[in-house]
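Heads up, the thing below is written out as structure tokens.
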């Protein structure tokens with residue numbers, strides 16, 4: 001795969017799997033192909049009993065994942081395209097949440113949109129002091145998230161912080177993310193690798209069945225019996241504002257919102 005379209009890499013050694021989002025020239029923004037690779041990797045990991053911990057991180061030192069590549073949305077014609085997209089993303093995130101082993105996100109820099117959904121699907125998160133967390137779609141695209149991902153963000157950050165992210169397009173910094181419990185720890189760039197190794201070793205020393213059933217029980221509590229929300233997704237992705245947001249991003253100008 002060429003550098004422009006990016007790739008998701010998997011390396012496994014001694015029971016630890018490392019998944020790297022590798023598109024640093026675009027802050028690891030996810031292409032459709034990268035989502036497909038992530039889905040294939042996650043499916044393979046789920047069936048591999050030798051893996052005890054999976055570590056996810058972005059390449060380049062500037063971002064974990066800076067969302068989905070917005071230029072891909074230029075092909076969207078209706079709200080149904082948005083529904084299909086959110087279902088595809090949700091299926092990928094469901095696989096991540098359903099992994100039977102422990103998962104750790106290592107966040108250095110921007111963690112945005114789909115990247116935030118991926119990090120939130122992990123069991124633990126480590127970050128450097130400069131990490132930023134957000135979903136600035138009220139400022140950029142005028143679209144929305146699936147209700148499952150809204151529920152996960154709310155459980156992880158708290159209801160009001162998620163309103164700030166979604167409705168005010170605010171970013172949460174590493175200190176606040178640590179204070180609200182979203183992050184396991186904040187470490188310097190020089191110490192983040194050793195902190196990751198320490199956490200993975202601790203996880204592999206504990207009872208895997210207990211870890212597995214506990215994380216799946218918590219996921220069921222968060223996503224059990226959620227309301228149907230395709231109508232909300234249809235409204236956002238079918239709006240004039242969404243098409244204006246995409247066009248403005250591609251043209252590198254500020255969008256003009258109409259509320260339609």
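Reported count of residues in region 1-25, each being surrounded by fewer than 20 Cβ atoms within 10 Å (Cβ to Cβ) and in a loop (DSSP other than H, G, I, E, B), is 7.
The number of residues in region 133-149 that are crowded, with 19+ Cβ neighbours inside 10 Å and not in a loop (DSSP other than H, G, I, E, B) comes to 4. Filtered by the rule that a residue be under 22 Å from residue 70 (Cα atoms) and touching a helix residue (DSSP H, G or I) at 6+ places or on another chain (Cβ under 7 Å), region 29-55 gives 30, 31, 32, 35, 38, 39. Kindly indicate whether residue 235 is part of a helix (DSSP H, G or I), at pLDDT 95 or above and under 27 Å from residue 19 (Cβ atoms). Taking the combined requirement at face value, the residue does not satisfy it. Taken over region 56-72, residues that are assigned to a helix (DSSP H, G or I) and either out of contact with any helix residue (DSSP H, G or I) (no Cβ under 7 Å at 6 or more places or on another chain) or more than 26 Å from residue 108 (Cα to Cα) (or both) amount to 0.
If you check 131, 127, 105, 119 for being in contact with a strand residue (DSSP E or B) (Cβ under 7 Å, 6 or more places away or on another chain), closer than 27 Å to residue 49 by Cα and touching a residue at least 60 places away in the same chain (Cβ under 8 Å), only one passes: 119. Evaluate the following for residue 83: is it touching a residue at least 60 places away in the same chain (Cβ under 8 Å) and in contact with a strand residue (DSSP E or B) (Cβ under 8 Å, 6 or more places away or on another chain)? No, not satisfied. With respect to residue 214, is the statement that it is in a helix (DSSP H, G or I), closer than 22 Å to residue 63 by Cβ and over 19 Å from the mean Cα position of the chain (by Cα) true? No; evaluated as a whole, the condition is false for this residue. Only a single criterion out of (1) in contact with a strand residue (DSSP E or B) (Cβ under 9 Å, 6 or more places away or on another chain); (2) in a loop (DSSP other than H, G, I, E, B) is not satisfied by residue 255, namely (1). Give the residues of region 61-90 that are over 17 Å from the mean Cα position of the chain (by Cα) and more than 11 Å from residue 233 (Cβ to Cβ), sorted by residue number. Correct list: 71, 72, 73, 74, 75, 76, 77, 78. As a summary of the residue check, residue 28 satisfies the conditions (1) crowded, with 17+ Cβ neighbours inside 10 Å; (2) over 19 Å from residue 204 (Cα atoms); (3) more than 15 Å from the chain's Cα centre (by Cα) except for the one numbered (3). Looking at the structure I just gave you, is residue 52 under 20 Å from residue 184 (Cβ atoms) and over 15 Å from the mean Cα position of the chain (by Cα)? In short, yes.
The values are calculated or read from the model by the stated rules, or taken from the named source; none is laboratory data. Please read all numbers here as calculations on a predicted model, not as lab measurements. All Cβ positions, glycine included, derive from the backbone under ideal geometry; neighbour counts span all protein chains shown.
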